[in-house]
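*Asks:* After the structure tokens below, expect a handful of questions from me.
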Amino acid sequence: MAERGWEIDGVAMVQSGTPLSFTNATSTNIGGTTMDLAYYDNSIAGCGSLKQGGSVQNRIGEDFNTTCFTNGPTISSDGGTGFGNTRSGLMRGPGQHNLDLSFVKLTGFDNSKLK
């Protein structure tokens, strides 16, 4: 669109989200570990899919369903729980997609007429 001195310039950026790992800082599992991978319980209603649906505005502050993470099942008489069942990089955070455009008017000057 260089016709009549106008141009369009643009920059596009597309990024996937960063890998997320979920931990449980309050776990007391049978091995004595107090910081463990989180336990994901897909038997809870609405936890069939970890990723929340809907618009970006509806997901601000909670991109995934936090109620799906619970303490692991109790497996000993003293209340010790099993290890978490999630893995590192279980899901990716929100991605980013940006397109910046600019419209530029090119204007020339005739130096011989400037005083």
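*Asks:* Being in a loop (DSSP other than H, G, I, E, B) and closer than 16 Å to ASN42 by Cα is the filter here; which residues of segment 84-93 pass it?
*Replies:* GLY84, ASN85, THR86, ARG87, LEU90
*Asks:* Within segment 1-47, which residues are modelled with pLDDT under 80, more than 28 Å from the chain's Cα centre (by Cα) and of a type in the set (Asp, Glu)?
*Replies:* GLU3
The values are calculated or read from the model by the stated rules, or taken from the named source; none is laboratory data. These numbers were taken from a predicted model, which means no experiment stands behind them.
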